[in-house]
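Trainee: Structure incoming, see below.
The values are calculated or read from the model by the stated rules, or taken from the named source; none is laboratory data. All of these numbers come straight from a predicted model, not from anything done at the bench. Here the Cβ positions follow ideal geometry from the backbone for every residue, glycine too, while neighbour counts run over all protein chains shown.
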Amino acid sequence: MRVDRHLYPAIKQYEEMLAQLETATSSAEQVIKVLLARDAIQNSLQKVESLPISLLLHLTDLDRRLREQQAIITGVSDYPHWRNSLQPPDSSWWWHFSTSRPRWWQRLDWFWNGLTLVFLTISVSLIADAVPRFLSGGLDTISVLAVIIPSLLTLLTSGALTPIGRAARNYLFQKLAKSYWSLLTMAIALILLCLLILAHNSFPHIAVYFHARGKEQYLAGKLEESKANYQKAIALNPSYAEAHYHLGLLYEDLQQFPKAQTEYQLAVQQDVSATLLTRLKAYNNWGRLLILQKKYTQAIAPLLEGKNALDEEQVTTNRDFQQVKYALLKNLGWAQLELKHYSEAKSLLKEAIDLHSKKAPSYCLLAQVFEGQSQTKEALGNWSKCIAYADGNSPDEYLWKSIAQEKLEKERKP
């Protein structure tokens, strides 16, 4: 194996110059001597076809020691000027040590990258929580955008965490100095996290929007679309009592009574968010469903809860509260009638009549109470009023009106 005769002396001189540079009293003259010595080795290497392993290992170790002196080399003020004068190729790495000192934020790149990872982890968990909420009840434009936009931002912010993130960051930051990349990525991750937290805290307000859409579609007869929006409102705000109540009404229309009952129960449990009127209506409808299922004893509890929660001051001034109080009294009377507690039923139904004297259901039920007590005359009088005030809009009234007509016709026959 032929080795250039100048290579061994060049390596020896390189080693001697390097040893002098490693002393505490190294100077600019020693710096340029060691760099030129390394140049001489490089010139000799270009004439060598192959290098003995031992020599290669020795040279590698010397180069390692030279790199360790980077701070001393770049600390010489003339170092950039030497490089400009000699114009060394890029392969002469010893002439291309960076002379710039890392700024304080560059020295904290490890910290910025750690914070980025923490912020992205929290962001991903928030997105994972939001996705099923927005997708509940089906897809629409708002839901799709609410899922895609934060997901894309998180992907772009991921930076070094994924190949796609790295490619996106390199493209977006290509005009910025790399010294800012870690800090800027952390800042974007923090902003994204803050936006996601703000969006998460806005879920109750977004739920109001979907609830309003559901009510509009319900009034338009679009029950499936209405149900999807109610479900989305509840997914975004599980304690949204009004959405639970209106979803219960919709399930009643769909003849899905167990689901309706569940929604009414959920509505009355939301003490914080529920308006009193909504809770009272939910108590009433829950009790009424139990009566229709012939669970009369169970029906009394929610109806009584609603009656006890009434605000009598609002009853005297607010028509909606008057209506719900009437319904609670009427249904309580109905349950007591079915249990054959005639005295309690009579008292409750008469109280309901005092509140609304031109509503048929209380008269229809009171007629049945009098029949149970064998007071035929009083029963017929209430059957007459049952017919007079019945509008037939509800199945109950339609049935009771038919019974009333049969009773009165029977009485007229000689």
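Trainee: Count, please, the residues in region 70-89 that happen to be assigned to a loop (DSSP other than H, G, I, E, B) and either modelled with pLDDT under 85 or under 13 Å from LEU21 (Cβ atoms) (or both). Break it down into steps so the answer makes sense when it comes.
Mentor: Filtering region 70-89 down to residues assigned to a loop (DSSP other than H, G, I, E, B) leaves 75-78, 87-89.
Still in the running and either modelled with pLDDT under 85 or under 13 Å from LEU21 (Cβ atoms) (or both): 75-77.
Here the count works out to 3.
Condition check ((1) touching a Leu at 6+ places or on another chain (Cβ under 6 Å); (2) within 22 Å of SER394 (Cα to Cα); (3) part of a helix (DSSP H, G or I)) across all residues:
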{"residue": "LYS227", "(1), (2), (3)": "yes, no, yes"}
{"residue": "GLN231", "(1), (2), (3)": "no, no, yes"}
{"residue": "GLU242", "(1), (2), (3)": "no, no, yes"}
{"residue": "GLY248", "(1), (2), (3)": "no, yes, yes"}
{"residue": "GLN261", "(1), (2), (3)": "yes, yes, yes"}
{"residue": "GLN265", "(1), (2), (3)": "no, no, yes"}
{"residue": "VAL268", "(1), (2), (3)": "no, no, yes"}
{"residue": "ALA282", "(1), (2), (3)": "no, yes, yes"}
{"residue": "LYS294", "(1), (2), (3)": "no, yes, no"}
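Trainee: If you don't mind, there's one more thing I want to ask. So, LYS232, is that one among the basic types (Lys, Arg) and under 25 Å from VAL131 (Cβ atoms) or not? Steps first, answer last, please.
Mentor: Numbers: among the basic types (Lys, Arg): yes; under 25 Å from VAL131 (Cβ atoms): yes.
When the stated conditions are applied, LYS232 passes them.
Trainee: Working only within region 365-408, note down all residues that are outside any helix (DSSP H, G or I) and either closer than 19 Å to LEU332 by Cα or within 52 Å of the chain's Cα centre (by Cα) (or both). Outline the logic, then answer.
Mentor: Step one: filter region 365-408 for residues outside any helix (DSSP H, G or I), giving 373-375, 390-394.
Selection gives GLN373, ALA390, ASP391, GLY392, ASN393, SER394.
Trainee: Okay, next question. Under 8 Å between Cβ atoms, which residue pairs at least 6 apart in sequence (or on different chains) link something in region 53-78 that is over 13 Å from ARG38 (Cβ atoms) and assigned by TED's automatic domain parsing to the domain that holds ALA40 with a partner that is β-branched (Val, Ile, Thr) and outside any helix (DSSP H, G or I)?
Mentor: LEU55/VAL3; THR74/THR99
Trainee: Suppose we filter region 51-65 for residues that are at pLDDT below 90 and of a type in the set (Val, Ile, Thr); how many remain?
Mentor: Final tally of qualifying residues: 1.
Trainee: Next up: Of everything in region 281-294, what is under 39 Å from the mean Cα position of the chain (by Cα) and over 21 Å from ALA309 (Cβ atoms)? Give them in sequence order.
Mentor: Correct list: LEU292, GLN293.
Trainee: So GLN255 fits all but one of (1) without any contact (Cβ under 8 Å) to a residue 24 or more places away in the chain; (2) assigned to a helix (DSSP H, G or I); what number is the exception?
Mentor: (2)
Trainee: Within region 319-338, which residues are touching a residue at least 12 places away in the same chain (Cβ under 8 Å) and either more than 18 Å from ASP396 (Cα to Cα) or among the aromatic types (Phe, Trp, Tyr) (or both)?
Mentor: Of everything in region 319-338, those that are touching a residue at least 12 places away in the same chain (Cβ under 8 Å) and either more than 18 Å from ASP396 (Cα to Cα) or among the aromatic types (Phe, Trp, Tyr) (or both) turn out to be ASP320, PHE321, GLN322, LYS325, TYR326, TRP334.
Trainee: Return the pairs, sorted by first residue and then second, in which the second residue is of a type outside the set (A, V, I, L, M) and not in a helix (DSSP H, G or I), the first residue lies in region 369-395 and is closer than 17 Å to ALA345 by Cα, the beta carbons are less than 8 Å apart, and the residues are 6+ apart or on different chains.
Mentor: Taking only residues 6 or more apart or on different chains, the pairs are GLY372/LYS340.
Trainee: Out of ALA128, ALA37, report the one residue that is surrounded by 16 or more Cβ atoms within 10 Å (Cβ to Cβ) and assigned to a helix (DSSP H, G or I). It would help to see each step written out before you state the result.
Mentor: Working: ALA128 fails: surrounded by 16 or more Cβ atoms within 10 Å (Cβ to Cβ).
ALA37 is the lone residue from the list that is surrounded by 16 or more Cβ atoms within 10 Å (Cβ to Cβ) and assigned to a helix (DSSP H, G or I).
Trainee: Mind listing whichever residues of region 314-364 are buried (at least 20 other Cβ atoms within 10 Å of the Cβ) and not in a helix (DSSP H, G or I)?
Mentor: If the condition is that a residue be buried (at least 20 other Cβ atoms within 10 Å of the Cβ) and not in a helix (DSSP H, G or I), then LYS359 is the only one that fits.
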